[in-house]
Structure formats: structure tokens, C-alpha cells
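Asks: Have a look at this one before I ask anything.
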Amino acid sequence: MTYRLYNNDCLEWLDEQPENSFEAIVTDPPYGLKEYSEKEQLKLRRGNKGGMWRIPPALGGNIRSPLPRFTVLNQQDIENLYKFFSIWGVKALRVVVPGAHLFVATNTHLSHVLCTALTDAGWEKRGEIVRLVQTLKGGDRPKNAEEEFSDVTVIPRSAWEPWELFRKPIEGRIQDNLRKWKTGGLRRDSAERPFTDLVPSERTPQQERDIANHPSLKPQRFMRKIVYASLPLGEGRVLDPFMGGGSTIAAAESVGYDSVGVEIDKQYYQIAAGSIASLTTLYIEEEKTPEVIKSNFDSQEHVLCYSQRQLFSDTYRQ
Ligand SMILES: C[S@@+](CC[C@H](N)C(=O)[O-])C[C@H]1O[C@@H](n2cnc3c(N)ncnc32)[C@H](O)[C@@H]1O
């Protein structure tokens, strides 16, 4: 398959693309707007913590990388975020064909801002995907008063990550749109099983982070699943305008789709360019036995056991 990468600001880049030129968008945008600013990236790269960056609790003795702290956003930041996604939403809508789906990663604090902005921009909300993963977000005791309020947690420790699902309005009936534009629906997991909105996942494995050293790298197994679903007939091109370390593009390569990635930061663009081939070839052995993997995730009971196991093992390790 072919992929193209661009080191650009996607807001400018989108304006240069012809209308109706992509069949899906799968992306994970910045939320603080601040965390990927030059100032905050410089701070992160110099190892200065605090403010936007919080060190999550150590797991199993391992010190974790800093995570952005979205709760520091004030009302003005939230209004700016709304404006950013409204503008981005209009630009993105223009470049996709009718019926194209948009899968967009978000978080439980700010998903309402994203959803309002994108629906105001003309996208149709089509659902929400639960990436079932034990994150390191939330769960802290009150800062500097941990002992005094040792039984208190300020916000829940998040055990899932929301991915919002949108669609550009279709032309006519779904079958008309599928025939004309190859879009409008989602690709089934298999003949027996439709794409399902609860996806058991994992934190990004160390071997993937060793390949692509990006602070928000998403795991290949999860990305492959949603990228696969994004083109109902397996035809067309997938766009990731906030490419980061290239996990969407690698997943598209792995499932056999053409794709395009855009990244504003030169260092991250170079990381993606150098990592996609290696990420693509991971877990090939697993994919040779897809029936075994699918049947593992088929039963709801298994899904619950899986997430509980993850939760409990993390809790006990802390
Ligand atoms: C949350 S990260 C994406 C991580 C990615 N999903 C991965 O798995 O590596 C968001 C990325 O968007 C980039 N970004 C921020 N603003 C951008 C813009 N206007 N145009 C293109 N990329 C941008 C940031 O530099 C960052 O790498």
C-alpha cells in the first residue's frame, strides 16, 4: 500500500487539498492546545515538569513519562479549544467524501467541547467507541494534602478512553452512497460480527514506544481495529492530520489501506517517517491466526475478565 507524510500545519495543509479526496479520517488531536505548543514541548524535552505536565504514579517500580494535565485549562482555553475544533471541523469536512467517517480520540473531560464543535461544523455524530484501557489519568489524592485526605480521590482513575465517531452526511440512501463514494458504513470485523463499539485494549507496549518515541503513541492492535473499520469496502484513503508518531499510518499499512499523515512538529514527523515500517510488521504472527484472536474477544464475559485483570494487576502493582 502507499502512504504519504507531510511536515505541515494541517489547518493550512487541509486548505490546499481538493474537495472529496479522502474516504476516512482517523486521528488523535491535541487537547490542551498548549501541550504541543513550542514552549511546552521545549519544557518536556528539557525534562522540566509541572504546570501542564504531571508525572503519573510509578508502576511496578518504573517511572512513567509525563502526561498532559487537562484540568489546568481555564474557561478561555476551553473557548479556544471549541474555536479550534470548529475551524478544523469545517476544513476537514470539505476534504472528505459524503459518508466518510471520522474517528477521533478524546478524553472524558473535554469530549463535550469536541462534539459540540464538530456537530456545529456539520459533522453527524454516529456514536462513541470505548477503548477499554487502564490509563494513568486521574485517581490522585488532593495535591500537597495527600496525607490529610488519604481516603479521597479528586477525579476517577480512568479505565477507558473515548473515541468519538462522526460521519459526513450521506447522499441519498446508504446503498446509493456506498455505490457512489464507497463510504457511509463501517467495515465488519467478520461475516458473523459487526464492528462493535467496546474495544478491549492495552497501554501502548514498550516495544512500540521503543520504535516510535512519541509521548501519545497509540497501540497498534487498537489502531488496526479502528482503521480497518473506517473503510466499509476496504477502498479509499485514510487521513491522519495529527499524525504524531505515525500509529494510524502504520495501522493502515498493516491492514492494506492507502493513507496520508500530517504532522506539524519536525521531530515527530521524523520519528513517524522512521518508525512506520517497523510498527507495520509487528504482531504478524498474531494476524496469521485471526480466528483465535477474534474468538478471544467475542464473548462479553471475556471482555470483562480482561479489563478486570488489567485493573487489578495495576492496582496491586502500585
Ligand atoms: C496526541 S498527538 C498524536 C499521537 C498519535 N496518535 C500517535 O499515535 O503517535 C497529536 C499530534 O498532533 C501534532 N499537531 C498539533 N497541532 C498540529 C497541527 N496544527 N497540524 C498538524 N499536527 C499538529 C502534535 O505535534 C502531536 O504530535
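The values are calculated or read from the model by the stated rules, or taken from the named source; none is laboratory data. What you are looking at is a predicted structure, and each value in this text was computed from that prediction instead of being measured. No Cβ is skipped: glycine too gets one built from the backbone with ideal geometry, and neighbour counts run over all protein chains shown.
Asks: Given the condition outside any helix (DSSP H, G or I) and touching a strand residue (DSSP E or B) at 6+ places or on another chain (Cβ under 8 Å), answer yes or no: does some residue in segment 263-281 qualify?
Replies: Within segment 263-281, one or more residues are outside any helix (DSSP H, G or I) and touching a strand residue (DSSP E or B) at 6+ places or on another chain (Cβ under 8 Å).
Asks: Where the second residue is of a type outside the set (Val, Ile, Thr) and not in a strand (DSSP E or B) and the first is closer than 13 Å to residue 103 by Cβ and lies in segment 125-150, which pairs have Cβ atoms under 7 Å and are six or more apart or on separate chains?
Replies: 125/115; 127/197; 128/197; 129/197; 130/197; 131/201; 131/222
Asks: For segment 242-262, how many residues meet the condition of being within 6 Å of the ligand (Cβ to nearest atom), within 19 Å of residue 16 (Cα to Cα) and either part of a helix (DSSP H, G or I) or in contact with a Leu (Cβ under 8 Å, 6 or more places away or on another chain) (or both)?
Replies: Counting residues in segment 242-262 that are within 6 Å of the ligand (Cβ to nearest atom), within 19 Å of residue 16 (Cα to Cα) and either part of a helix (DSSP H, G or I) or in contact with a Leu (Cβ under 8 Å, 6 or more places away or on another chain) (or both) gives 1.
Asks: For the subset of segment 204-241 comprising residues that are in contact with a strand residue (DSSP E or B) (Cβ under 6 Å, 6 or more places away or on another chain) and part of a loop (DSSP other than H, G, I, E, B), which member is farthest from the ligand (Cβ to nearest atom)?
Replies: Ranking the candidates gives 236 first.
Asks: Six or more apart or on different chains, Cβ under 6 Å: which pairs go from a residue in segment 246-261 that's in contact (Cβ under 8 Å) with a residue 24 or more places away in the chain to one that's within 12 Å of the ligand (Cβ to nearest atom) and among the basic types (Lys, Arg)? Could you list them?
Replies: Correct list of pairs: 247/218.
Asks: Scan segment 48-68 and tell me whether some residue there is buried (at least 19 other Cβ atoms within 10 Å of the Cβ), at pLDDT 65 or above, within 14 Å of the ligand (Cβ to nearest atom) and outside any loop (DSSP other than H, G, I, E, B).
Replies: no
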